[in-house]
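Enquirer: Supplied in structure tokens, the structure appears directly below.
The values are calculated or read from the model by the stated rules, or taken from the named source; none is laboratory data. This is a predicted model, so every value here is computed, not measured. We place every Cβ from the backbone using ideal geometry, glycine too, and count neighbours over all the protein chains shown.
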Amino acid sequence: MNTTPCSKLHLFVDGELSATEADAFRNHLTRCADCEVGLRDLLQLELLATRALAGTEAEAPEGGGKVTRLRPWLSRAYRTAVPVALAAGLAAVGVVRMQAEPELPGEVWLASATERTLDARLSHPKADRFLPYVPMRGTAHSMDVLPLRPLAELEERKDFSGIAAAYALRGDWQQAEAFLARAPESADKDNDRAVVVMRRQRWEEALGLLGGALRQEPKHAQALWNRGLALHGRGLLKQAEASFREVAALPDQDEGWKQEAEARANDLRNKRESEGARWRQLVSEASAQLSEGKADVAQLVQQPAVAREALYETVRTATTPGAVTALLPLAAELDRVGGGTVLQDYVNDMAARDFAVRAPLAREYAKLLKGEGTPGVLDTLRRSQEWDLYFGALVHTGEAAKDAEALQALQRFAYGSRDPWLSMLAERERARSEDLAGRQSSAEQMLLATLRSCEAHRKLLNCSEIY
């Protein structure tokens, strides 16, 4: 008795396999070219049989509206209809293809659903119907099985993107990816491939695909939406917000998509602002403890990114050499964590400065941090040669992103400091400069590169400050 998986093809098509056996055969089907061809041929024969006998041997519903199942009827019909269809050969297939394409049942794309579990948007119009988003709980796939006959019809039309979308809606990403590979190149294909890789949290790969889609169609609604998701996933909250706002501004869209895009953009703005405020509060509190001599160094180094930023701010606002030297224990502990002596060297260098000159500038810098800066303070700091104060003021005000000369000064100090944190802040300001100049793609690539560098030092640095 032949018990190979291929021998179960007819049982699979007839619906006579158990649920477990059917799942196993579906997995086999994705890897067996012979069964794939066989399935297509069987479904084509069914289609021909159905159309050849339409209106002649169909059994009428019996009492109570009961309808005879299609498969048993087709089994009997094969004895007459299939020979006729085969005798007609390609001509019969040609007649089928010349007929108007039948409307596929909506359940191929889960038309009866009242909510969606996929936050990304697929390109196929019937798979992109707006529904309220409710995240899927757990990792189980949808129990809705794709009907085979419409699946064969889609393959006959070579609508591989449609098949992929149907599988994606059911959470079958392996099948979705396989059918997308057979679809012709297009912006829609790049968008849907991005949806697949986003499920694996491969955010930068998704951004590359979405960038390709948007170069072909700059107002591709689904690609802009998914770009917002990918940027959010990568942590670029400001850029993600902008992408969702661009979606919300597109004309001729379902109002539901517009409203959800606007809501997501607002949520991202609020998250970015709250995270920024929380970071500034942590740094401010740590800096105040250091300035007052009340800081517990052992406790501070438990949050090395906060401690590092607080150390810099405390040095910049110190008005005596002794206040700077008092920060050496913290600098030593942070250098121990990160390796090297960069922070100890910085503290020693600043303690050796002429405080008759530096102290008034440090007071001006402290006012700037409180939003009380004297007009012209940036120019004063630039001329003073107290480069660490000028650096902090440029970062605090964002002026380096607007002024090429200020940006160059920022970069010179950062790269000369040997501190990766200052270098990454300089790269962030350079990316912001690109963004202000309208070169968003260049800015995004710079930020992504800076993030990758920051993540190599995640224990020491606060990468959310790069965003």
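Enquirer: Any idea which of Arg234, Arg245 is surrounded by fewer than 19 Cβ atoms within 10 Å (Cβ to Cβ), of a type outside the set (A, V, I, L, M) and more than 18 Å from Ala127 (Cβ to Cβ)?
Expert: On the way: Arg234 fails: surrounded by fewer than 19 Cβ atoms within 10 Å (Cβ to Cβ).
Only one candidate passes the filter, namely Arg245.
Enquirer: Can I ask one more? If you scan the range 286-322, which residues turn out to be free of Cβ contacts under 8 Å to residues at least 12 places away in the same chain and charged (D, E, K, R)?
Expert: Glu292, Lys294, Asp296
Enquirer: Still on this structure, I have one more. Considering Gln445, Gln408, which residue is modelled with pLDDT of 90 or more, part of a helix (DSSP H, G or I) and surrounded by fewer than 20 Cβ atoms within 10 Å (Cβ to Cβ)?
Expert: Working: Gln445 fails: modelled with pLDDT of 90 or more.
The conditions single out Gln408.
Enquirer: For the range 339-372, give me each residue that is of a type in the set (Lys, Arg) and closer than 13 Å to Leu389 by Cβ.
Expert: Narrowing the range 339-372 to residues of a type in the set (Lys, Arg): 353, 358, 363, 367, 370.
Result: Arg353, Arg358, Arg363, Lys367.
To keep it simple, each residue is scored yes or no on (1) surrounded by 15 or more Cβ atoms within 10 Å (Cβ to Cβ); (2) assigned to a loop (DSSP other than H, G, I, E, B).
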residue: Arg412; (1), (2): no, no
residue: Leu425; (1), (2): yes, no
residue: Asp435; (1), (2): yes, no
residue: Gly438; (1), (2): no, yes
residue: Leu461; (1), (2): yes, yes
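Enquirer: Could you tell me whether any residue of the range 199-208 is crowded, with 23+ Cβ neighbours inside 10 Å, in contact (Cβ under 8 Å) with a residue 60 or more places away in the chain and not assigned by TED's automatic domain parsing to the domain that holds Arg26? Spell out the reasoning first.
Expert: Start the filter on the range 199-208 by keeping residues that are crowded, with 23+ Cβ neighbours inside 10 Å, which leaves 206-207.
Keeping just the survivors that are in contact (Cβ under 8 Å) with a residue 60 or more places away in the chain gives 207.
Those left that are additionally not assigned by TED's automatic domain parsing to the domain that holds Arg26: 207.
Yes, the range 199-208 contains at least one residue that is crowded, with 23+ Cβ neighbours inside 10 Å, in contact (Cβ under 8 Å) with a residue 60 or more places away in the chain and not assigned by TED's automatic domain parsing to the domain that holds Arg26.
Conditions tested, residue by residue: (1) at pLDDT 90 or above; (2) exposed (fewer than 13 other Cβ atoms within 10 Å of the Cβ); (3) over 17 Å from Asp188 (Cα atoms).
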{"position": "Leu131", "(1), (2), (3)": "yes, no, yes"}
{"position": "Pro147", "(1), (2), (3)": "no, no, yes"}
{"position": "Ala152", "(1), (2), (3)": "no, no, yes"}
{"position": "Phe160", "(1), (2), (3)": "yes, no, no"}
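Enquirer: Moving to a separate point now. Every residue in the range 294-331 that is modelled with pLDDT of 95 or more, among the small types (Gly, Ala, Ser) and surrounded by fewer than 16 Cβ atoms within 10 Å (Cβ to Cβ), please.
Expert: If the condition is that a residue be modelled with pLDDT of 95 or more, among the small types (Gly, Ala, Ser) and surrounded by fewer than 16 Cβ atoms within 10 Å (Cβ to Cβ), then Gly322 is the only one that fits.
Enquirer: Hey, any hits in the range 229-251 for a residue that's modelled with pLDDT under 95, out of contact with any helix residue (DSSP H, G or I) (no Cβ under 9 Å at 6 or more places or on another chain), farther than 22 Å from Thr117 by Cβ and assigned to a loop (DSSP other than H, G, I, E, B)?
Expert: yes
Enquirer: Just the residues that are under 19 Å from the mean Cα position of the chain (by Cα), aliphatic (A, V, I, L, M) and more than 18 Å from Gln222 (Cβ to Cβ), please, taken from the range 261-280. Show your work before the answer.
Expert: Of the range 261-280, the ones under 19 Å from the mean Cα position of the chain (by Cα) are 261-272.
Filter once more, keeping what is aliphatic (A, V, I, L, M): 261, 263, 265, 268.
If the condition is that a residue be under 19 Å from the mean Cα position of the chain (by Cα), aliphatic (A, V, I, L, M) and more than 18 Å from Gln222 (Cβ to Cβ), then Leu268 is the only one that fits.
Quick grid of which residues meet (1) free of Cβ contacts under 8 Å to residues at least 12 places away in the same chain; (2) outside any helix (DSSP H, G or I); (3) within 15 Å of Trp225 (Cα to Cα); (4) assigned by TED's automatic domain parsing to the domain that holds Gln239:
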site	(1), (2), (3), (4)
Ile163	no, no, no, yes
Tyr167	no, no, no, yes
Gly171	no, yes, no, yes
Ala178	no, no, no, yes
Ala194	no, no, yes, yes
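Enquirer: Provide a single number: the residues in the range 164-179 that are over 19 Å from the mean Cα position of the chain (by Cα) and farther than 18 Å from His28 by Cβ.
Expert: Number of matching residues: 3.
Enquirer: Could we say that Ala261 is at pLDDT 95 or above, surrounded by 14 or more Cβ atoms within 10 Å (Cβ to Cβ) and not hydroxyl-bearing (Ser, Thr, Tyr) here? Walk me through it before giving the result.
Expert: Numbers: at pLDDT 95 or above: yes; surrounded by 14 or more Cβ atoms within 10 Å (Cβ to Cβ): yes; not hydroxyl-bearing (Ser, Thr, Tyr): yes.
Against the criterion (at pLDDT 95 or above, surrounded by 14 or more Cβ atoms within 10 Å (Cβ to Cβ) and not hydroxyl-bearing (Ser, Thr, Tyr)), Ala261 qualifies.
Matching residues to (1) closer than 18 Å to Gln281 by Cα; (2) not aromatic (Phe, Trp, Tyr):
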{"site": "Gln303", "(1), (2)": "yes, yes"}
{"site": "Tyr312", "(1), (2)": "yes, no"}
{"site": "Leu343", "(1), (2)": "no, yes"}
{"site": "Ala351", "(1), (2)": "no, yes"}
{"site": "Lys370", "(1), (2)": "yes, yes"}
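Enquirer: Check off (1) outside any helix (DSSP H, G or I); (2) in contact with an Asp or Glu (Cβ under 7 Å, 6 or more places away or on another chain) for Gly371 and give me the number that stays unchecked.
Expert: For Gly371, the failing item is (2).
Residues are listed down the side, and each one gets a yes or a no for (1) within 44 Å of the chain's Cα centre (by Cα); (2) charged (D, E, K, R); (3) assigned to a helix (DSSP H, G or I):
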position: Tyr346; (1), (2), (3): yes, no, yes
position: Met350; (1), (2), (3): yes, no, yes
position: Arg353; (1), (2), (3): no, yes, no
position: Val357; (1), (2), (3): no, no, yes
position: Pro360; (1), (2), (3): no, no, yes
position: Pro375; (1), (2), (3): yes, no, no
position: Thr380; (1), (2), (3): yes, no, yes
